[in-house]
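Before any comments, here is the structure.
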Amino acid sequence: MFDTLTSRLQGAFQKLRGKGRLSEDDVKEALREIRRALLEADVNHVVAKEFIERIRERAVGQEILQSLSAAQQVVKIVNDELTDLMGGAQAKLARAAKPPTVILLVGLQGAGKTTAAAKLARHLKASEHRRPLLVAADIYRPAAISQLQVLGEQIGVQVFTLGDQVNPREIALRALDEARRGGFDYVLIDTAGRLHIDETLMQELQDIEKSVNPDEILLVVDAMTGQDAVNVASHFREQLSLTGIIMTKLDGDTRGGAALTVRHVTGCPIKFVGIGEKVDALEPFYPDRMASRILGMGDVMTLIERAQAAIDEKDALELEAKIRRNEFTLEDFLSQLQQVRKLGPLDQLLGLIPGMGKFKQLQGATVDESQIKKIEAIIYSMSIAERRNPDLVMKSSSRRQRIARGSGTEVRDVNQLLRKFDDMRKLMKQFSSLGKNPSRALGGLANQLKGGGGVYGGASRKGKKRR
Amino acid sequence: MGLFERLKEGLAKTRQRFADRVGSALFRRKIDDEVYEELEDALLAADIGVATTQFLLERIQKEARKQKLTTADQLMPVLRQLIVDILHAHSCEPSYAQSGPTVVLVVGVNGVGKTTTIGKMANYYRAQGKKVLLAAGDTFRAAAIEQLVIWGQRTGVEVIRQNLGSDAAAVIYDALSAARSRKADILLCDTAGRLQNKAHLMAELEKIYRVIAREIPDAPHEVLLVLDATTGQNAIVQAKLFKEIAKVSGIVLTKLDGTAKGGVIIAINQELQLPVKWIGIGEHKDDLQPFSPDDFARALFPDDALQTESRDPDDK
């Protein structure tokens with residue numbers, strides 16, 4: 001996410017870095033670049049203008065330009081302002097003093113309300129151990145109710161529906177009763193998508209708001225929205241007392257200018273972001289982390305948190321010891337692959353590592369998940385002894401043939417995996433003797449990853465030599 | 001209400017805001033840098049994008065020098081003509097098969113209105129007396145198949161489908177043979193929404209395309225990328241990548257009845273040579289129309305606006 005915006009901004013900063021002290025013209029030039037980058041990222045043109053103005057004031061007003069680290073300081077100012085623009089601190093979901101907490105989801109057609117409702121319910125259930133009730137109040141779009149029911153079943157959350165012949169206000173009221181009786185502590189009401197200028201439907205939302213008095217009214221916004229995000233957000237805000245925003249489809253290659261704009265326009269914090277099609281792809285939104293991601297400084301906090309959730313600490317320690325003793329086997333490789341996959345799509349993970357964006361080799365590298373499945377198949381087709389001692393396979397072509405047959409691959413694929421595995425073991429040696437020159441080791445890793453599809457196969461020797 | 005009236009009504013908001021902004025930049029005053037700066041803002045606010053805005057401004061400035069224009073209101077017809085030219089550069093006519101069923105593949109990112117567009121398109125062709133068949137190729141999103149089936153019932157059109165989670169290419173394959181054996185005129189193929197940067201989903205789409213091209217050599221006769229009019233500059237990337245993978249031949253611009261201007265289609269025409277073929281301007285089943293650049297430009301810059309913009313700058 002944000003890749004293009006990131007590289008544009010870094011380009012602008014790069015020019016500054018080359019210089020020692022900065023003249024006002026240098027800053028002006030950089031700001032022009034930044035403005036263009038923001039506009040291309042769909043940041044509202046008025047917001048972009050104000051943003052640039054604030055940075056100019058802060059950069060020029062102080063004695064920054066005279067200092068030797070001027071460029072870094074300008075980056076810091078941009079970082080601060082970006083964080084600020086996106087709301088400063090992380091905003092938590094409200095909780096009613098007396099349950100249930102009622103949450104109303106509203107937005108344009110196709111923003112992703114139904115999916116967001118299900119994801120939020122899953123988040124509440126899995127991460128906070130709550131009992132949410134999903135309410136199907138979209139009676140207009142064909143099959144919207146069954147969509148919610150299917151999702152509810154997937155995540156094991158009850159869905160309340162009265163069909164599509166009852167008016168949404170009635171549905172919301174009866175759902176609330178049901179929640180009180182059934183001991184639910186959150187009620188998530190999915191409403192129909194509507195245009196912000198559709199008065200009848202906006203009235204319907206106001207009716208729901210009045211009768212159930214929600215603790216949260218969340219506006220669901222598609223991250224790919226253009227300049228119109230401002231109109232949409234401000235219209236919804238005028239009609240309803242919005243309390244927050246869910247930004248969806250941030251896993252696209254959108255530059256996410258809407259994220260920067262909407263919070264500024266509505267004054268409501270972005271509370272969650274949707275980052276994938278699966279029901280668990282919803283994350284709380286942290287403005288500071290997002291700012292540093294936009295500036296290409298990575299987001300280690302998120303990476304660590306995801307790792308903590310997905311990886312067993314004892315296993316990790318054991319693995320580390322093995323790597324140090326150089327006893328890493330294909331078995332470990334397989335279990336590691338599976339753990340890493342739990343963290344999320346690999347290309348997304350790379351974006352979280354600071355400085356990774358800078359490795360030119362990595363740009364445009366796509367990690368093909370089907371390659372990983374292939375590797376799993378190959379390893380599963382080996383005997384335990386072979387997994388522990390890959391040399392057995394390397395030495396015997398009949399073993400390789402058998403494995404290829406068993407995994408539905410070619411002998412060539414098996415060879416490639418073994419070769420890659422060998423490379424990786426060497427790389428791990430480098431890692432364990434790290435310490436002195438981490439960036440060099442990282443560079444090595446980057447090379448490995450770029451090797452056309454990565455450590456996980458795909459690259460040929462030839463490809464390597466060419467570089 | 002005539003077609004043009006509907007379009008005009010649907011675009012009312014678009015026209016108002018855009019023309020207002022352009023108008024307020026271009027009332028009768030001397031042309032100076034400030035005029036161009038305000039015009040730039042107006043174009044950017046319409047999602048026309050930095051590159052195309054720059055292009056338009058340069059052309060306008062050149063024209064202004066050539067024609068020795070002095071006041072800002074004279075720039076309006078120049079701008080309108082430039083936009084009409086861009087939109088006219090490629091044919092907006094839908095393509096049809098020479099013989100046998102016309103296969104239309106509908107693609108796009110999530111939530112742009114693919115299924116709804118297909119429902120409306122089925123209605124459009126039914127009204128022309130054509131035999132239409134629908135293929136429920138979105139086998140991923142919960143209840144997408146049901147949604148298409150409901151559209152099929154509304155328009156009296158048969159839907160070829162399998163279960164949720166089945167292979168989309170297989171559904172399309174079935175639909176192709178059904179279209180041939182039932183002598184359908186038009187087969188409309190729905191697909192799951194996919195973000196253009198998801199390699200595995202784009203590979204799936206490539207497979208669907210391959211299956212169609214293998215079964216009927218000159219098919220698909222039309223590959224339509226559905227774009228949400230509220231989408232900003234990302235639409236250009238979408239168009240580019242979908243064009244690479246599935247040889248998109250035209251754009252359907254949906255949800256033009258909001259305040260969004262859909263200006264990004266000008267950029268897409270200009271940068272990717274992809275014409276808009278249909279527009280969606282409302283929620284009714286007959287709110288989908290073939291796109292007409294002239295009507296669009298006329299709705300964007302109404303004739304009356306050309307004359308009245310010069311009237312009174314203090315109006316605003």
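Are there DSSP H segments in chain B that both extend 15 Å or more along their axis (alpha-carbon positions) and score a mean Kyte-Doolittle hydropathy of at least 0.5? List them, or say none. Answer set is B:75-88, B:168-181, B:234-246. With a threshold of 18 Å on the Cα-Cα distance, the over-threshold entries among A:Lys15/A:Lys76; A:Lys28/B:Lys62; B:Lys240/B:Lys285; A:Lys278/B:Lys114 are A:Lys28/B:Lys62; B:Lys240/B:Lys285; A:Lys278/B:Lys114.
With bins 10 Å wide beginning at 0, the percent of Cα pairs of region A:85-157 falling in each bin runs 16, 46, 30, 8. Ordering B:Tyr36, A:Tyr380, B:Tyr209 by the number of other Cβ atoms within 10 Å of each residue's own Cβ, fewest first, gives A:Tyr380, B:Tyr36, B:Tyr209. In region B:41-123, the ratio of gyration radius to Kirkwood radius, Rg to Rh, stands at 1.16 when only Cα atoms are counted. Ranking of A:Arg399, B:Arg65 by neighbouring Cβ atoms within 10 Å, starting from the fewest: B:Arg65, A:Arg399. Placing a pseudo-label 7 Å from each Cα along the Cα-to-Cβ vector at A:Val411 and B:Leu164 gives an inter-label distance of 4.6 nm. Across all directions, the average flat footprint of the convex hull enclosing the Cα atoms of region A:101-294 is 10.0 nm².
Of all aspartates and glutamates in the structure, those lying under 19 Å Cα to Cα from B:Lys68, and not within fewer than 8 positions of it along the same chain, are B:Asp32, B:Asp33, B:Glu34, B:Glu58.
The distance between label points at B:Gln61 and A:Arg341 comes to 5.5 nm (points 7 Å beyond Cα on the Cα→Cβ vector). Bridgeable aspartates and glutamates around A:Lys374 (alpha carbons under 13 Å apart, same-chain partners fewer than 8 residues away excluded): A:Glu410, A:Asp413. Ignoring aspartates and glutamates fewer than eight residues from B:Lys277 along the same chain, the ones with Cα atoms less than 15 angstrom from its Cα are B:Glu93, B:Glu222, B:Asp228, B:Asp287, B:Asp294, B:Asp295. If the chain linking A:Val46 and A:Asp391 were pulled fully straight, counting 0.36 nm for each residue of separation and taking away their Cα-Cα distance, it would gain 117.8 nm. The calculated FRET efficiency for A:Asn213 paired with A:Glu376, based on their beta-carbon distance and R0 = 56 Å, is about 0.65. Placing dummy labels 7 Å off each Cα toward the beta-carbon, the span from B:Arg29 to A:Arg36 is 2.7 nm. Rg over Rh for chain B works out to 1.03, both radii taken from alpha-carbon positions and Rh defined as the Kirkwood radius. Calculated mean residue ellipticity at 222 nm for chain B: -15500 deg cm²/dmol, from DSSP H runs with n ≥ 4 weighted as -39500 (n - 2.57), summed, divided by the residue count and rounded to 500.
Considering only Cα atoms, the convex hull volume of region B:187-263 works out to 93 Å³ per residue. Summary value for chain B: 27 percent relative contact order, contacts being C-alpha pairs under 8 angstrom separated by 6+ residues. Each DSSP beta bridge with both residues in chain B is either parallel or antiparallel, and the antiparallel ones are about 15%.
Per-residue Cβ neighbour counts within 10 Å put A:Leu205, A:Leu151 in the sequence A:Leu205, A:Leu151, beginning with the fewest.
Bear in mind these aren't lab numbers, they're just calculated from the coordinates by the rules spelled out. Here the structure is a predicted model, which means the values were calculated and not measured. Here Cβ is always computed from backbone atoms with ideal geometry, including for glycine, and neighbour counts include all displayed protein chains.
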